[in-house]
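The next block holds one structure in the form of structure tokens; read it before the comments.
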Amino acid sequence: MIIKDISQLIGNTPLIDLQIDVPKHSHIYAKLEMFNPGGSIKDRMGQYMIEDAIKRGKIKAGTTVIEPTAGNTGIGIALATQQRHLPTILVVPEKFSYEKQTLMKALGARLINTPSELGIKGAMAKARELEKQIPNSYVPMQFENPANPGAYYHTLAPEIVSDLGDSIDAFVAGAGSGGTFAGIAKYLQEHNPQIKSVVVEPEGSILNGGPAHAHRTEGIGVEFIPPFFKGVQIDSVLTIPDKEAFEQVRKMAKTQGLFIGSSSGAALAASLKVAKELPENSTIVTVFPDSSERYLSENIYDSEQKNQTEEVK
Ligand code: PMP
């Protein structure tokens, strides 16, 4: 396969039919999004959001693109802006992984860290402040931009339907900005209104009403209800403790040769719970957003790191 640029490798990722013990002889299919060229699902959104902003006249020649991000979105945006020679500033709470921050800089983006204790809201406020200071700048703002769920509605969800047709009983996905869940769930619900749609969050995220606190699972968890959830049917929200997510991360490497990040581990743990509730021989689809290689500096395979939650500020 000869390609001319890396963006041709975005999307059309494999869907794995996991060969693991699933309750009630059901099947769990997982979209392997770490096979995108920037290493995560967010390459789709970076490309889609930047193209959309150019079409809408929000980005012109020389526009500085500024975005608050936990990292994968930053990498996806930096890939898209590098190709178009657009200066890029990514605002990242300092707690997020060394690997992601290093890759964003390697792609040519400027990084600004905000204090971890201010959360993603702190990074959002900083991005808006920079937008005011820098002439000809634009903040795509993944947390409110309809092009975020749009990227998955128009790319990932049709790929799933093309592979599995109407045979899907449940869709399970983690939520950070909520774009992945909302975009895919909307498309699948339009194809089959009977489908069960399940959101996954770590303990410390607020969707099930629990108190907000730090967690080890990276990339999912919300500090506010994503605006994209409006109009999308949510059948349940499953709150997965870090321990369960990391157990699946270790198990997937050891038994399936699959390097998955902790949000993928949480999605798998939740999918197994969903299988218990559904009839025999159900088909469950989930998404593995990135790879464990992005978190080696955080000792992702070390089971002795259970108490790191308390240490993360
Ligand atoms: N998993 C990982 C590893 C991520 O980086 C993200 C995005 N922060 C998500 C899951 C959640 O995706 P979304 O923002 O679309 O809800």
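The values are calculated or read from the model by the stated rules, or taken from the named source; none is laboratory data. This is a predicted model, so every value here is computed, not measured. Because the Cβ atoms are built from the backbone with ideal geometry, glycine has one as well, and the counts that use them run over all protein chains shown. Note: areas computed on protein heavy atoms with side chains; ligands, DNA, RNA excluded. Shrake-Rupley method; radii C 1.70, N 1.55, O 1.52, S 1.80 Å.
Checked against the criterion of being within 28 Å of Ala269 (Cα to Cα) and open to solvent by 60 Å² or more (accessible area, probe 1.4 Å), the stretch 34-44 contains one or more residues that satisfy it.
For the stretch 89-107, the tally of residues that are modelled with pLDDT under 95 and assigned to a loop (DSSP other than H, G, I, E, B) stands at 4.
Taken over the stretch 53-74, the criterion of being surrounded by 21 or more Cβ atoms within 10 Å (Cβ to Cβ), in a loop (DSSP other than H, G, I, E, B) and among the hydrophobic types (A, V, I, L, M, F, W, C) is satisfied by Ile59, Ala70.
Has the stretch 39-48 got any residue that is within 14 Å of the ligand (Cβ to nearest atom) and in a loop (DSSP other than H, G, I, E, B)? Checked against the condition, which is being within 14 Å of the ligand (Cβ to nearest atom) and in a loop (DSSP other than H, G, I, E, B), the stretch 39-48 yields at least one hit. Checking the stated criteria, Gly122 turns out not to satisfy the condition of being part of a loop (DSSP other than H, G, I, E, B) and away from the ligand (no atom under 13 Å from the Cβ).
Counting only residues that are assigned to a helix (DSSP H, G or I) and of a type outside the set (Ser, Thr, Tyr), which one in the stretch 185-202 is surrounded by the most Cβ atoms within 10 Å (Cβ to Cβ)?
Residue satisfying both the conditions and the ranking: Ala185.
The single condition among (1) away from the ligand (no atom under 11 Å from the Cβ); (2) open to solvent by less than 60 Å² (accessible area, probe 1.4 Å); (3) touching a Ser or Thr at 6+ places or on another chain (Cβ under 6 Å) that Pro158 does not meet is (3).
Scanning the stretch 49-77 for residues that are of a type in the set (A, V, I, L, M) and within 14 Å of the ligand (Cβ to nearest atom) yields Met49, Ala70, Ile75, Ile77. The set of residues in the stretch 137-196 that are charged (D, E, K, R), modelled with pLDDT of 95 or more and more than 21 Å from Ala125 (Cα to Cα) comprises Glu159, Asp163, Asp169, Lys186, Glu190, Lys196. Residues that are touching a strand residue (DSSP E or B) at 6+ places or on another chain (Cβ under 8 Å), hydroxyl-bearing (Ser, Thr, Tyr) and either open to solvent by less than 30 Å² (accessible area, probe 1.4 Å) or in contact (Cβ under 8 Å) with a residue 60 or more places away in the chain (or both) occur in the stretch 216-238; there is at least one. Count of the stretch 169-183 residues, restricted to those that are more than 9 Å from the ligand (Cβ to nearest atom) and either open to solvent by 10 Å² or more (accessible area, probe 1.4 Å) or under 13 Å from the mean Cα position of the chain (by Cα) (or both), is 2.
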